[in-house]
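The values are calculated or read from the model by the stated rules, or taken from the named source; none is laboratory data. Predicted, not measured: the structure shown is a model, and the values here were computed from it. Ideal geometry is used to build each Cβ from the backbone, glycine not excepted, and the neighbour counts take in all protein chains shown. Just the protein is used for accessible areas: all its heavy atoms, side chains included, with ligands, DNA and RNA removed. Shrake-Rupley method; radii C 1.70, N 1.55, O 1.52, S 1.80 Å.
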Amino acid sequence: MEQEIDRQIGAASALMRTLHRSVVVKRELSRKAKLLIYRLIFVATLTYDRAGSISTLDSLDFARYSDDGNRESDERVAVLEFELRKAKETIQALRTNLTQAAESEIPSQERKNYKSSPEIQEPIRPLEKRALNFLVNEYLLKNEYKLSSITFSDENDDQDFELWDDVGLNIPKPPDLLQLYRNSGTPLSSPRDMVDVSVEVDLGDLPGNSNNQDPPKKPDLSQQQQTEVVQELEYQISLLSNEKQSLVEQIKKLQRCDNEDNVMYDCVFWKLSPAFLQALLSFCRMCSDSRLGAEVSRIADSEDSVMLMLGRCLPHIVPNVLLAKREELIPLILCTACLHPEPKERDQLLHILFNLIKRPDDDQRQMILTGCVAFAKHVGPTRVEAELLPQCWEQINHKYPERRLLVAEACGALAPYLPKEIRSSLVLSMLQQMLAEDKADMVREAVIKSLGIIMGYIDDPDKYSQGFELMLLSLADPSERVVNAVHQVFIPAFAAWATELGILHTTLIPSLLTRIEKLLMQGEHGLDEHKLHVFLSALQSLIPPLFAVVLQNAPFTSRVKLHGDIPAIEGRRHKYGNYKYLPQLIEIVGRINVTSSTCVHEFSRFFWRFCRTFGKIFTSTKIKPQFQEILRLSEENVDASTGNDILTKATVPIYATGVLTCYNQEEDRKLLVGFLEDVMTTLSLSHAPLNSLKASFVELGANPVYHELLLTVLWYGVVHTSALVRCTAARMFELLVKGVNETLVAQRVVPALITLSSDPEISVRISTIPAFGTIMETVTQKELLERVKMQLASFLEDPQYQDQHSLHMEIIRTFGRVGPNAEPRFRDEFVLPHLHKLALANNSQAVENKRIDIATQLFEAYSALSCCFISEEVMVNHFLPGLRCLHTDMEQLSPEHEVILSSMIKECEIKVENRGMADAQGSISIASSLVGEDAKTKFLSKMGQLTTSSAMLANVFQRKK
């Protein structure tokens, strides 16, 4: 029996300790605990009855116990007495805590409200309700209202009306209702005004422990009844033990949640570089380095902390409750939203937060985002999904772009604290919708940055295709700031994910190359340069992650010692040096239209970035040899009469500007100069088109760093033994003049052109004319212009060139090209008079083919110059006469041109007539205005002679009677 009591008392003690740790558990198990307490007291009483009194000897059975037996019995009794005393103390503590728990069931915030507003009647507390229920039921029983009592008991089935201790273990029973009424309704004393009163069962009150040491009375219970009580106790203890174990597990779980730090929820399943992840999160645009930022970040987690925060924040809020200072309210809103027990109230508070400022500026949005992140850290992913995301969804189509911008930024800032399923579904869909529909550039830019953050946390491989389409869609955005965000944030994150999936080099890059190839094949009748730019820019941004993959799978990685927290390199996916992309890229380059400067520029930038990323050794050993093998530049090919067809393709300018310019040491510059000289020589000797060389000069000439280098190449052509090469050099000067400063033009370009203009070969001299014309179009130095003008005049006036049909054709073509942009004086005094002479001379040209060639070229020149302002004198003396000469040619050679020329002549004649009439009218207008001004001056002078008094002024205008 003692062992049974030991077990029961131990179970009760464990239960009491568990109850002591949780107020919620106390309320749920109070009734069961009290039943167990009373039954334990009863069993302990029976045990003491059987063991005999510890203070009397007459109850001992000497026949039954020996000396040793008495000693053992005394020891057992002492142990039982000690354990029962400990149980009694625990019961007393439990009674006190249960009473306090019952009293504290009213929310603390409500009690504070009623303290601060005493005029508001405080609602009934649970303890008061139970006390009044007990007194009412007692009154009904005493006054024979038994049916009402039964009904009342049924309606309050959570209360035992037979035992006052069920109301409160530490609360004295008040007088009945009748006595309370007769005492003028004196209210029950408040529990706060009471002192602790023990109502425990004292050992002296138990049988066998009376003060007069009388033998204890044995309860009138049979052995069978006692056995049944013990069995009932065992059953109740087993139930309570199971329930206690469940509650202990819940308490431990809650304690674990409380001990978790500002930890990121639901982290990604694959290893990501901490520095890379931190760089991604830096685009969340949060601030915590200011006073208010630190206040927002430090979310309170208890009522006391809330009060402290109110004390810190209210001094700043009270004087600043203005529209421009409403962010001061954010800490209060967030704390209340975090700790408020009602979901509807929390939703309303968060709605206020997102609508706090009508059009939040950059700083205000950052503050709200900082608060949202602090809220997310505090409440966990479930509440973030349920409470914060709906606020974002409601404002996704708000009329103010600042509010939509807040939504876009919030999606990225909250990404680490959302369930992974929500990140890759709802949030991704929201951002995709905003990217496709929002018209504000700044909103789409924020969407791209948030999408990049989402890519850093996504772990669903099925979303790869969606991410790829989002990348292409965003790269085609018309806003430059959006495209910059794609390259800065989205593509690096997407590439990191593709790398983790192992498909960067097997799927992502090949898919872009395939699209480029299809685009070039479809673009034979007109290339979509914008799409090409999109694909190439994406490919260019993928170069750094591709370089990282190559390094991870290189053979030397096993010999490299890594420093810091760097993830281990995974299995080699492809052999180092097997760069299948290079031959494919070079083949694609060969199919590009070389005359498309945009395509050449885009591919040049790509190869330059590729070579700079992979390094000089890689460029020299892997990239250059593949280009050189395809170009096949050698002494044999240079001297051959038929050139290499690949030299006319875009491969030449892309290799020259994208590969050979990556490194700028002396040996690199020599290699570039030698390559351009070889190309110029080969193309010239083989009579091949010069478009590839021109594209190289245009791309390189855009950078002043290469002007000296290009002039060196051209001087090589100026002094070349072949006239074909000298002609090419002369024509290439035309491309270089526009970008070179006037000092270089005067010191290097013009002397070279003068040298070529006196070349023994007439074809070389003719080739200099376009360059001379471009100088007249771009240079402003008068001495230089006069020098060039004299050279052009020698071509036109020297008798040796009188029958040079090719020279005249080149001059007319050049005049038509540069005339509209040249200095007006040069156009009026040099260009138009000489065109008139050429048109007049062409009327007497006997060779019909030459006549129609000159006439056609003159028609193009006059059409271009007709848009310029031409003085009346030049119009009458040169422009109209030249048109009439040309009209004479076209009447015989080309009737369709003749109709246009007739219209042009008529229009010019009308302009001359109108201008004469306008001049005459202008003279009359000027004379009348002068007369008017003279009369006005005289009148004002008369007025000035008068006094300014009001009386005299009135007399001046007074009507004579």
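For the reader, a short list of remarks on this structure follows.
Each row is one residue, and each column tells you yes or no for (1) under 30 Å from residue 84 (Cα atoms); (2) modelled with pLDDT under 85.
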position	(1), (2)
134	no, no
152	no, no
162	yes, yes
183	no, yes
187	no, yes
195	yes, yes
198	yes, yes
211	yes, yes
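- Number of residues in the range 764-783 that are surrounded by fewer than 16 Cβ atoms within 10 Å (Cβ to Cβ) and either at pLDDT 95 or above or of a type in the set (D, E, K, R) (or both): the value is 2.
- Residue satisfying condition, being within 16 Å of the chain's Cα centre (by Cα) and assigned to a helix (DSSP H, G or I), within set 391, 433, 348, 364: 433
- Scanning the range 607-626 for residues that are among the hydrophobic types (A, V, I, L, M, F, W, C) and open to solvent by less than 50 Å² (accessible area, probe 1.4 Å) yields 607, 610, 611, 614, 618, 623.
- Scope the range 293-305; condition open to solvent by 20 Å² or more (accessible area, probe 1.4 Å) and either in a loop (DSSP other than H, G, I, E, B) or in contact with an Asp or Glu (Cβ under 9 Å, 6 or more places away or on another chain) (or both); matching residues: 298, 299, 301, 302
- Residue satisfying condition, being open to solvent by less than 10 Å² (accessible area, probe 1.4 Å), more than 21 Å from residue 375 (Cα to Cα) and out of contact with any Lys or Arg (no Cβ under 8 Å at 6 or more places or on another chain), within set 451, 414, 418: 451
- Test: residue in the range 806-817 that is under 17 Å from residue 762 (Cα atoms), surrounded by fewer than 17 Cβ atoms within 10 Å (Cβ to Cβ) and of a type outside the set (Val, Ile, Thr): yes
- The number of residues in the range 818-872 that are over 58 Å from the mean Cα position of the chain (by Cα), open to solvent by less than 20 Å² (accessible area, probe 1.4 Å) and more than 21 Å from residue 908 (Cα to Cα) comes to 2.
- The range 422-445: number of residues that are surrounded by fewer than 17 Cβ atoms within 10 Å (Cβ to Cβ) and charged (D, E, K, R): 3
- Of the set (1) assigned to a helix (DSSP H, G or I); (2) surrounded by fewer than 22 Cβ atoms within 10 Å (Cβ to Cβ), all apply to residue 477 but (1).
- Residues that are under 18 Å from residue 735 (Cα atoms) and either without any contact (Cβ under 8 Å) to a residue 24 or more places away in the chain or among the small types (Gly, Ala, Ser) (or both) within the range 754-808 comprise 757, 767, 771, 773, listed in sequence order.
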